[in-house]
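Only one structure is covered here, and it is reproduced in the block below.
Please treat every number below as a calculation from the coordinates, not as lab data. On a predicted model such as this, the values are computed, not experimentally measured, just so you know. Quick reminder, even Gly has a Cβ in these numbers, built from the backbone with ideal geometry, and neighbours come from all protein chains shown.
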Amino acid sequence: MSEERLYEFKRQWLPVYFILLIALLLVAVHFVILYAVTGTNSYANMAVVSGLGAYFFYNGFQRLRAIRVVRRRVLELVKCRDCGYSEEREYSAGDYVFMRKGECPRCGGTMIVAGIYSVEIEGARKAESA
């Protein structure tokens with residue numbers, strides 16, 4: 001799953017899990033109160049089932065909260081075919097490996113894309129953990 005889709009999934013489902021957890025807890029408390037007032041075993045059974053449902057929703061809520069979306073930058077390594085000069089540049093849409101990317105500033109030879117990769121943005125990691 002891509003990072004954008006993971007972020008959207010977390011953003012959409014976190015409030016839903018939280019609301020369902022609160023609702024199940026209220027239902028469980030309601031059945032406990034009904035059991036205490038009436039003494040009917042079916043209310044106790046429903047309270048246990050509601051409590052187990054709330055527990056499972058709580059676990060899902062915690063797992064969803066634990067998902068960390070790491071921000072990344074896509075870079076490309078551009079090298080000269082003749083002298084070996086290389087530099088990192090921001091990735092441009094449509095670039096591919098072995099694509100010609102202009103002239104070498106050192107010798108005037110042809111520069112080609114030698115690799116495309118992503119790196120984690122450091123500032124985003126610190127801001128997210130705070």
If every alpha-carbon in the chain counts as one equal scatterer, what log10 I(q)/I(0) does Debye give at q = 0.14, 0.20 1/Å? -0.79, -1.05
How big, on average over all directions, is the shadow cast by the Cα convex hull of the stretch 34-92, in nm²? 7.3
Once Lys and Arg get +1 and Asp and Glu get -1 on their Cβ, which of CYS107, TYR7, LEU52 lies farthest toward the positive end of the dipole of the chain? LEU52
Using the Cα centre as the reference, give the magnitude of the dipole from point charges on the C-beta atoms of the chain (Lys, Arg: +1; Asp, Glu: -1; all else neutral), rounded to the nearest 20 debye. 120
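Looking at the stretch 1-62, what % of the alpha carbon pairs are farther apart than 19 Å?
More than 19 Å apart: 44 percent of the Cα pairs in the stretch 1-62.
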Approximate spin-label separation LEU20-ARG68, in nm, with each point projected 7 Å along Cα-to-Cβ: 2.6
Candidates SER86, SER50, SER118, ranked by Gaussian network fluctuation over the chain, Cα under 10 Å, top entry: SER86
Under Stokes-Einstein, the stretch 72-129 at 10 °C and 1.306 mPa s, with its Kirkwood radius over C-alpha pairs, diffuses with a coefficient in µm²/s of 129
Which value in deg cm²/dmol, rounded to the nearest 500, describes the helix-derived mean residue ellipticity at 222 nm for the chain, given -39,500 (n - 2.57) per DSSP H run of n ≥ 4 and division by the residue count? -19000 deg cm²/dmol
